[in-house]
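What follows is a single structure, written as structure tokens, with notes after it.
The values are calculated or read from the model by the stated rules, or taken from the named source; none is laboratory data. Small disclaimer: the values here were computed from a predicted structure and weren't measured. Here the Cβ is made from the backbone with ideal geometry for all residues, glycine too, and neighbour counts use every protein chain on show.
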């Protein structure tokens, strides 16, 4: 199932914080990193996708069902906000895709015979590697 979804402005909560790591002259003045919070349970997503999101073993998902994404790659707030939203959309898209169910198949009779003859051939090769017995 393909889901064309964008989070609504009232569904996400964006906070600007100071970025980690090495900085320059404005390192303690500019808050360019973004903390994006998205409450899965309160969102307008379909129930199936909500269940899959909440079942994810992802460290960005906390116990309250809130996804927290931190973006601090860029120097501007706008680019970091856009990147955080892109990551959220990618996460939702990843659970929207349902994998195709696998049907168990049986090996054919010919493939079974080829496998067994190959094993017998290999066993014969390995048995021929033993010590040579003197026939005196």
Legend entry - Condition met for residue 107 (free of Cβ contacts under 8 Å to residues at least 24 places away in the same chain and either closer than 30 Å to residue 53 by Cβ or more than 39 Å from the chain's Cα centre (by Cα) (or both)): no
Legend entry - Given (1) over 18 Å from residue 6 (Cα atoms); (2) over 19 Å from the mean Cα position of the chain (by Cα); (3) part of a loop (DSSP other than H, G, I, E, B); (4) free of Cβ contacts under 8 Å to residues at least 40 places away in the same chain, index of the condition residue 20 fails: (4)
Inset, instruction - Determine which single condition residue 84 fails, assuming it passes every other condition in (1) loosely packed, with under 14 Cβ neighbours inside 10 Å; (2) not in a loop (DSSP other than H, G, I, E, B). - result: (1)
Inset, instruction - Look at residue 101 and say whether it is under 17 Å from the mean Cα position of the chain (by Cα) and without any contact (Cβ under 8 Å) to a residue 12 or more places away in the chain. - result: no
Inset, instruction - Kindly indicate whether residue 52 is out of contact with any strand residue (DSSP E or B) (no Cβ under 7 Å at 6 or more places or on another chain) and within 22 Å of residue 96 (Cβ to Cβ). - result: yes
Inset, instruction - Can you work out which of the residues in segment 122-136 that are exposed (fewer than 10 other Cβ atoms within 10 Å of the Cβ) and part of a helix (DSSP H, G or I) is modelled with the lowest pLDDT? - result: 127
Legend entry - Residue, modelled with the highest pLDDT, within segment 31-49, restricted to residues that are more than 17 Å from residue 96 (Cα to Cα) and assigned to a loop (DSSP other than H, G, I, E, B): 42
